[in-house]
Amino acid sequence: MALASGTKLGPYEIQPALGAGGMGEVYSARDTRLGRSVAIKILSAHFSSDPVRRRRFEREAKTISSLNHPNICVLYDIGQQDGIDYLVMECVEGETLAHRLERGPLPLEQTLRYGMQIADALDKAHRSSLVHRDLKPGNIMLTPTGAKLLDFGLAKPAAPLSSSDALTAGQPALVTEDGVIVGTFQYMSPEQVQGKELDGRSDIFSLGAVLYEMLTGRRAFEGKSQFSVASAILEREPEPVGAAKPMTPPILDHAIRKCLAKLPDDRWQSASDLSSELKWAGEANSQAATTPKLPPRNKIWERASWLAAATFLLVAFVATAAWWQTTSHPPRLMYFHASVPFATNDLALSPDGRILAMVAYSAQTNNYVLWTYEVGSQRSSPLEGTQGASYPFWSPDNRFIGFFAEGELKKVEVSGGPPQILCDAPNGRGG
């Protein structure tokens with residue numbers, strides 16, 4: 001129901017409306033007791049129609065109000081008047097991430113900073129046994145002091161997708177058996193789409209989808225209906241960030257891919273782990289930003305400059321290897337051109353300087369895999385069974401390449417054969 005300006009709800013004087021969401025309408029208001037501006041959310045009727053649901057809601061609201069974190073919107077009060085249930089929240093100045101994304105993707109530095117702040121906020125809530133369940137750009141406010149997470153923990157797990165559902169993908173998600181509206185399909189985890197029990201790892205999947213959109217300007221999972229979006233979430237992998245935006249640091253690409261793993265056990269197991277990974281990516285990016293930069297140029301020349309830099313480093317590696325292996329002859333430089341696949345990330349030269357291992361995108365598998373390039377040859381070759389590889393390194397005898405994938409440390413023989421699992425390694429970052 002719409003409220004006119006000047007309406008009183010307890011000590012709060014209603015001012016112009018700010019917007020509306022799945023849980024109800026939001027108004028700016030003035031706290032006449034403390035003389036401060038607040039935001040008031042008028043809850044939908046189904047919150048007050050069932051006494052059991054209202055008691056559960058009040059318990060969750062008390063827990064949320066105890067969350068003291070700079071990146072979580074503060075819940076001040078809850079109340080009821082004339083059959084109207086309402087929440088009183090901190091009035092946050094800024095714009096939603098959804099509104100900001102209408103102007104295109106965010107710069108890398110902002111994506112990392114906001115991503116860390118949201119992950120820290122999730123970690124605080126998860127430690128209090130609260131799961132957001134509706135993490136999306138519309139529930140993230142960008143303020144002068146950073147990101148603020150809204151509507152925390154006030155929803156329930158979603159019900160399975162109905163076979164008769166034909167709503168458009170942009171509409172809110174399904175209503176549960178209790179009548180509680182939950183989430184928006186593009187950002188739901190696979191277990192949420194299936195109506196399973198949720199924990200904090202569901203929020204981590206949603207944050208991965210948000211980070212993907214912040215970097216690329218497009219959603220990780222899209223479709224013309226809820227069916228097609230749900231199918232994409234359950235069965236398909238989004239195009240790697242490195243393919244859509246080739247200059248993305250490999251560590252950030254890896255962090256997002258791990259967020260979007262279909263199985264909760266394959267994701268980051270805590271928001272704190274994800275925050276640490278984003279912080280590390282930010283530090284690496286800051287160090288790279290302090291190096292001298294060439295004047296701006298178009299993307300083709302930019303990609304060529306990176307390839308030239310990689311070739312220069314390979315030459316230096318080869319020269320060093322040759323010097324150590326030669327005692328009776330003076331060292332000599334070896335120059336070669338490497339056929340590097342599109343969106344190449346990590347590079348590792350074998351100890352004998354003969355074979356280059358790299359992680360690059362494979363259109364055949366729609367994923368990153370290990371490739372090898374023998375110095376002096378004309379092409380690079382992918383190694384089968386290495387999907388999701390990262391941080392490759394060599395065995396001293398030049399026979400095996402170690403790498404990390406699916407939360408495990410693996411090795412694969414250069415001459416071919418299936419990879420071997422060595423041990424669990426959920427946070428592998430190199431040999």
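Observations on the model:
- Filtering G430, G416 for residues that are out of contact with any strand residue (DSSP E or B) (no Cβ under 8 Å at 6 or more places or on another chain), not in a strand (DSSP E or B) and not assigned by TED's automatic domain parsing to the domain that holds R236 leaves a single hit, G416.
- Every listed requirement among (1) hydroxyl-bearing (S, T, Y); (2) surrounded by fewer than 22 Cβ atoms within 10 Å (Cβ to Cβ); (3) assigned to a loop (DSSP other than H, G, I, E, B) is met by Y391 save one, (3).
To keep it simple, each residue is scored yes or no on (1) β-branched (V, I, T); (2) under 30 Å from R59 (Cβ atoms); (3) at pLDDT 90 or above.
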| residue | (1), (2), (3) |
| --- | --- |
| V92 | yes, yes, no |
| E95 | no, no, yes |
| E102 | no, no, yes |
| P107 | no, no, yes |
| R113 | no, no, yes |
| D123 | no, yes, yes |
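- For the stretch 29-44, the set of residues classified as farther than 21 Å from F57 by Cβ and either under 31 Å from the mean Cα position of the chain (by Cα) or surrounded by fewer than 15 Cβ atoms within 10 Å (Cβ to Cβ) (or both) consists of T32, R33, L34, G35, R36, S37, listed by residue number.
- Candidate set: the stretch 233-249, residues that are of a type outside the set (K, R) and in contact with a Ser or Thr (Cβ under 7 Å, 6 or more places away or on another chain); chosen: the one farthest from S390 (Cα to Cα): A244
- Any hit, the stretch 45-60, residues being among the aliphatic types (A, V, I, L, M), modelled with pLDDT under 90 and surrounded by 16 or more Cβ atoms within 10 Å (Cβ to Cβ): no
- Residues satisfying the stated conditions in the stretch 350-368, i.e. of a type in the set (A, V, I, L, M), more than 19 Å from E235 (Cα to Cα) and free of Cβ contacts under 8 Å to residues at least 40 places away in the same chain: M358, A360
- Meets criteria (at pLDDT 90 or above, among the hydroxyl-bearing types (S, T, Y) and either within 18 Å of H254 (Cβ to Cβ) or surrounded by fewer than 13 Cβ atoms within 10 Å (Cβ to Cβ) (or both)) for T365: no
- Residue within the stretch 158-170 that is buried (at least 21 other Cβ atoms within 10 Å of the Cβ), at pLDDT below 90 and either assigned by TED's automatic domain parsing to the domain that holds L112 or not in a strand (DSSP E or B) (or both) present: yes
- Within the set A255, A271, A244, the sole residue that is modelled with pLDDT of 90 or more, among the aliphatic types (A, V, I, L, M), under 16 Å from N367 (Cα atoms) and surrounded by 13 or more Cβ atoms within 10 Å (Cβ to Cβ) turns out to be A255.
- Positions within the stretch 59-84 being over 31 Å from the mean Cα position of the chain (by Cα) and in a helix (DSSP H, G or I), in sequence order: none
- Restricted to the stretch 177-269, the set of helices (runs of 4 or more DSSP H) holding at least 3 residues that are in contact (Cβ under 8 Å) with a residue 60 or more places away in the chain comprises 200-216, 226-235, 250-259.
- Residue satisfying all of: in the stretch 370-388; in a loop (DSSP other than H, G, I, E, B) and among the hydroxyl-bearing types (S, T, Y); farthest from I256 (Cα to Cα) among these: S377
The values are calculated or read from the model by the stated rules, or taken from the named source; none is laboratory data. The structure displayed is predicted, hence computed values, not measured ones. No Cβ is skipped: glycine too gets one built from the backbone with ideal geometry, and neighbour counts run over all protein chains shown.
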